[in-house]
Amino acid sequence: MSAHAHSHPSGTWQTWFDAYGRKLLLYARQWATSSAGAEDLVQEAFVRFWRSPHRADHEAHLQLFAMVRRAGLDHVRAASRRMAREQSAAADADTLTWFAPVPDERDAAVQAALQQLPFEQREVVVLKIWGELTFEQIARTLDIPANTAASRYRYALEALRRALTPTLS
Amino acid sequence: MIPSDPFEEELRGLRPAPPPPHLANAIARALEQPAARTKPAALALERTRRRARQASLWLGWGVAAGMTVAFLHSRAQAPRLPHDAGANPTAAATAPAAPSVTGRSGDFTAVSTTNTLVGALDEGVVFLEDGRPARKVRYEFVDTVNLRATGGSSATIDVSYPREEIRLVPVDAL
């Protein structure tokens, strides 16, 4: 289907949600102060996306991530809690698992290591590895240069490697 | 072909937790409801804000410039012709009037405006509130307003100030 088409993408909204829900929720958890907050961000972004008359098939998933980010920014500004995104991971550390429903030691270690990353690096890592976006797509979603996205990813991966190598090996 | 990093592959092996069932139900309920009044598109809102800032900045400079020049003029008095009871009263009536000393911005009028582009920066593609992709370009201008006194004086003043304008141009496709 052409990127210029204004008709609905193929499949129902449930199809799209099944395809991208996990990734969107993981990304939203980088912005929210609680699991309920993350779910609200995904709901707001997804409803806005599905209702948008400018929704396109081509790279529509970038719109979804961008809308989650915009919703996260709006909520952070509204709450005047600029550091909320830095604290959200810590706030959920004891109650929320980001990965498999039944986390094992490895999942918990990865989550803990991610939570220690600066937000800007964690955001890029989540989009790159679990969002499966390219650096160019990440750059467009976050409105940053592609080189910046790549640098943040490199630093993040080095930090994760240092923290996780004993656990993963 | 760039070989895959085993560490990255290990991380990719972790699967994000699925959304809880109540989230899909909440989305379904929200989609069933009529859409709320949408916010103005980011493009129109951005331009409206910029124009409001430009207008208030220009007005402020105009008032300040007018008051400054009028103050300087108030120190100089135009020569008055002597009035003689026996002289032709018409001659006295045609003597040049003193320059305006009121200091009101209305004593000056803008006769020309020059907008000089001094820089432009393409900041890449962003997404508008409605999801459309748009290219964001930041322009830097120096605006110069030439003001001229209207009360018979030939005083002029040029007021220059920097102005920044961000333009969001929707793109058809990425």
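The values are calculated or read from the model by the stated rules, or taken from the named source; none is laboratory data. Here the structure is a predicted model, which means the values were calculated and not measured. Here Cβ is always computed from backbone atoms with ideal geometry, including for glycine, and neighbour counts include all displayed protein chains. What goes into the accessible areas is simple: the full protein's heavy atoms, side chains included, and nothing from ligands, DNA or RNA. Shrake-Rupley method; radii C 1.70, N 1.55, O 1.52, S 1.80 Å.
Residues in segment B:140-155 that are assigned to a strand (DSSP E or B) and in contact (Cβ under 8 Å) with a residue 40 or more places away in the chain: B:143, B:145, B:147, B:148, B:149. For segment A:41-56, the criterion of being under 14 Å from the mean Cα position of the chain (by Cα), at pLDDT 85 or above, closer than 19 Å to residue A:97 by Cα and more than 8 Å from chain B (Cβ to nearest Cβ) is satisfied by at least one residue. Can you list residue pairs whose Cβ atoms sit under 7 Å apart, with the first residue in segment A:150-167 being β-branched (Val, Ile, Thr) and the second being surrounded by 12 or more Cβ atoms within 10 Å (Cβ to Cβ)? Count only pairs 6 or more apart in sequence or on different chains. If the second residue must be surrounded by 12 or more Cβ atoms within 10 Å (Cβ to Cβ), the pairs left are A:167/A:106; A:167/A:109. Looking only at residues of segment A:109-153 that are of a type in the set (Asp, Glu) and within 14 Å of the chain's Cα centre (by Cα), we find that the one that is nearest to residue A:97 (Cα to Cα) is A:123.
Of everything in segment A:1-33 that is hydroxyl-bearing (Ser, Thr, Tyr), in contact with a helix residue (DSSP H, G or I) (Cβ under 8 Å, 6 or more places away or on another chain) and at pLDDT 85 or above, the residue that is least open to solvent (accessible area, probe 1.4 Å) is A:27. Among the residues making up segment B:125-139, those that are part of a loop (DSSP other than H, G, I, E, B), open to solvent by less than 40 Å² (accessible area, probe 1.4 Å) and within 7 Å of chain A (Cβ to nearest Cβ) are B:130, B:131. The set of residues in segment A:124-145 being facing another protein chain (nearest Cβ under 9 Å) and free of Cβ contacts under 8 Å to residues at least 24 places away in the same chain consists of A:129, A:139, A:143, A:144, A:145.
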